[in-house]
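The values are calculated or read from the model by the stated rules, or taken from the named source; none is laboratory data. Bear in mind that the values here come from a model prediction, so they are computed numbers and not experimental data. All Cβ positions, glycine included, derive from the backbone under ideal geometry; neighbour counts span all protein chains shown.
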Amino acid sequence: MRRTRWPRLIRWALGVGAVSAWVLGPVAGSAGAGVAEPDRLWVVGTRAFEDGLYDLAYRELRRFTEVAPTDPRRGDAIFLRAKAAFALGHYDEALADFQVAETHPLRAATDGEAIFWQAEALFRLRRFGEGRERYAFFLRGYPTSQYADDALYAQGFSELELGRADDAVTSFARLLREWPQSPLADSATYALARELVRTRRWDEALAVLTPHASRFPQSPFLVETRYLLGVSQVEAGRAAEGVRTLAEFVAAHPEHELAATARILLAETHLKAGRAREALEAYQGLLKHAPTHPFVPQALFQVGELSRQLGRLADAELAWRALRRDHPRDALAATAGIELANLYVRRRQFDQATEVARHVAQGQGSRRLEALLLWGDSALKAGNLADAEQAYQTALTDAPAASPERLRALAGVGLVAETRRDRDAAKRAYQEIIDDASDPELVRWARGRVQSLEAQEKPPPKAKPKPQSTSKKPSRS
């Protein structure tokens, strides 16, 4: 994630094939004089550092500081030793040495560089608050340092780790403004755009993302920034552009980890615009290319709903059944069950509707009461009176007093009782509706049922006797 620069620390001290006079100092004044131990340790240590042999460099430079405590190169040795420790991942030791090196005059470092590397070590130690303070101190004192862009970049990530999103945005934006040609500008642009999108600052995100592809044509972040551009366009109210950008992104990178989210956003945008077929295609694309994605339950439910709207009832059934089979614990599984049961009712497949509604009701979820009533209605239409009665009676127990669900359950109880010719039980259920319901149509319906039952209880009227004829038959003569 982070890029750091190793400055040209050694070339000033080492010539090509020979050690410079400054390195060897006065001991090299005569041809026959041997190289003193401090000078040997210095040469070996610095050359090892230059060659990337950091273990050797750390060991030899440490010995140099021990045997030459007053040598004028001591500060540089400590600084290089700190960088060797940093390269080896020994960040605690590196931090301690950088802090000591800061107190010495340094020829192997640029101004303030020891402070910068202290911040780097703190960052690696995940001491982000201290690291951020050290980066800020360095930037205040050395704003034109060759490490200023590195410091701004790392300061921004420190702020992200600390939850200071606005400060991170400021750091990344400053890097792009003051160091537009920095090798870090591309990744800083991506980090800035991602944070602007995360905080829903759509217009600012568009300003950063729109020129990104032309400014950084070889960027490793081109795919991700294309996705972020499409999201920002949609959310900023430029839906047509956003749909086009996201569709191009999905077509070019159908298996990308962000493609599923892009398809969901495409589908939702199409839905808002009333484009059911396009939304359906987006959801189906997600199911095809990302069958294990967390959005799959949502996509299955929407495929069912959109297929139903478009009259593709077989596709709706398949989608809702797949959701219930493969994702039974998802919150949408119960809703899919309700929709599936209603679909079966419309097809007059009452046994299938009863089975699905019963299963939803037994799940004890938020749709339980609705499922109980649907279970009762389906069972009643199928002629399964015991099943229907069980469902309605359970709904009566669960439903709040005088609620629409309780009144509907009472209506079901009454109809079951009527079918069984238990007129008294039916009348009691209907009378409770009459007493509690506020819906005049429902009250009218219940009264009509009561009147019909009472009419059935009246004995039929007696037939009137036929009047007898008083005329006499003529006699035969």
Taking the conditions exactly as written (surrounded by fewer than 15 Cβ atoms within 10 Å (Cβ to Cβ), in contact (Cβ under 8 Å) with a residue 12 or more places away in the chain and not assigned by TED's automatic domain parsing to the domain that holds residue 419), does residue 325 satisfy them or not?
no
Exclusive hit being in contact with a helix residue (DSSP H, G or I) (Cβ under 8 Å, 6 or more places away or on another chain) and under 30 Å from residue 379 (Cα atoms), set 334, 239, 273, 290:
334
Residues that are over 50 Å from the mean Cα position of the chain (by Cα) and closer than 30 Å to residue 133 by Cα: which helices (runs of 4 or more DSSP H) entirely in segment 29-119 hold 1 or more of them?
54-67, 74-87
Which of the residues that make up segment 257-299 are within 21 Å of residue 309 (Cα to Cα), hydroxyl-bearing (Ser, Thr, Tyr) and touching a residue at least 24 places away in the same chain (Cβ under 8 Å)?
269
What tally of residues in segment 116-164 results from selecting those that are surrounded by fewer than 23 Cβ atoms within 10 Å (Cβ to Cβ) and farther than 15 Å from residue 175 by Cα?
16
Kindly indicate which of 61, 41, 9 is crowded, with 18+ Cβ neighbours inside 10 Å, modelled with pLDDT under 50 and aliphatic (A, V, I, L, M).
9
Yes or no: residue 167 of a type in the set (D, E, K, R), assigned to a helix (DSSP H, G or I) and more than 22 Å from residue 61 (Cβ to Cβ)?
yes
Of the numbered conditions (1) in a helix (DSSP H, G or I); (2) over 28 Å from residue 287 (Cα atoms), residue 218 fails exactly one; give the number of that condition.
(1)
Regarding residue 205, is this residue closer than 24 Å to residue 262 by Cβ, buried (at least 19 other Cβ atoms within 10 Å of the Cβ) and touching a helix residue (DSSP H, G or I) at 6+ places or on another chain (Cβ under 8 Å)?
yes
Flagged in segment 339-361 as within 31 Å of the chain's Cα centre (by Cα), more than 21 Å from residue 386 (Cα to Cα) and among the aliphatic types (A, V, I, L, M), in numbering order, are 340
From the residues in segment 212-228 that are farther than 12 Å from residue 189 by Cβ and in contact with a helix residue (DSSP H, G or I) (Cβ under 7 Å, 6 or more places away or on another chain), which one is surrounded by the fewest Cβ atoms within 10 Å (Cβ to Cβ)?
226
Based on what the data block shows, is residue 422 of a type in the set (D, E, K, R) and crowded, with 23+ Cβ neighbours inside 10 Å?
no
Identify all residues within segment 352-376 that are over 22 Å from residue 411 (Cβ atoms) and either part of a helix (DSSP H, G or I) or in contact (Cβ under 8 Å) with a residue 60 or more places away in the chain (or both); write none if there are none.
352, 355, 359, 362
Residue 346: of a type outside the set (Asp, Glu) and either surrounded by fewer than 18 Cβ atoms within 10 Å (Cβ to Cβ) or touching a Gly at 6+ places or on another chain (Cβ under 6 Å) (or both), yes or no?
yes
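Is it true that residue 402 is in contact (Cβ under 8 Å) with a residue 24 or more places away in the chain, closer than 26 Å to residue 304 by Cβ and of a type in the set (A, V, I, L, M, F, W, C)?
no
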What about residue 193, is it out of contact with any Ser or Thr (no Cβ under 7 Å at 6 or more places or on another chain), at negative phi and either in a helix (DSSP H, G or I) or at pLDDT below 95 (or both)?
no
